[in-house]
Every structure is written in structure tokens, then in C-alpha cells.
């Protein structure tokens, strides 16, 4: 967990470089990533790891609009009993 915490601090400290790295790994254009990555609407930053399904849907919509993915409905990935945070 210390490494994850340290990594997030580094990612947040230099968002421009983080966008470049994520773009390289995901093969997603920086302008697309810039719409959500490491911003308040980024679904991956909830402290309890609860998925933000509306934010995930927005990301999927952006990817569909740019031709990166076909149109997807985030509801197909939602399971009623398996969702963070789990106690």
C-alpha cells in the first residue's frame, strides 16, 4: 500500500507526465485522457474503491465517440453483490 500511495503522489505531482505515460500504456490519446484522468470526475480515485458507475459510463462514452471502443453500457459490468467497498 505504501508503494501505491507513493505512486499516486508522484502521478498527481506531475499530471502532464502521467498523461504521457498512461497514453503510451493504454494507447489512448492524451486529449481523451485529459477529460477525466486525475480530475474530480476520475472514477478511480474513491478512497473506499467504490466504482463510480456514472463516471465510468462517461469515460466509455468518450472512448466510443473517439472510436476507441464500441458503445458500451456500464450496467453490464455491475454486479449487485460484488462491489466495493466490501467490509
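Within the listed set 26, 72, 37, the residue fluctuating most in the Gaussian network model of the chain (springs between alpha-carbon atoms under 10 angstrom) is 26. Multiplying the residue separation of residue 16 and residue 34 by 0.36 nm and removing their Cα-Cα distance gives an extension gain of 5.6 nm. Take every pair of alpha-carbon atoms less than 8 Å apart whose residues are at least six positions apart; their mean separation over the length of the chain yields a relative contact order of 19 percent.
Over the chain, the pair-distance histogram of Cα-Cα distances with 10 Å bins from zero comes to 15, 42, 35, 8 percent, rounded to whole numbers.
A short reminder: the numbers here are calculations on the coordinates, not readings from a lab. These numbers were taken from a predicted model, which means no experiment stands behind them.
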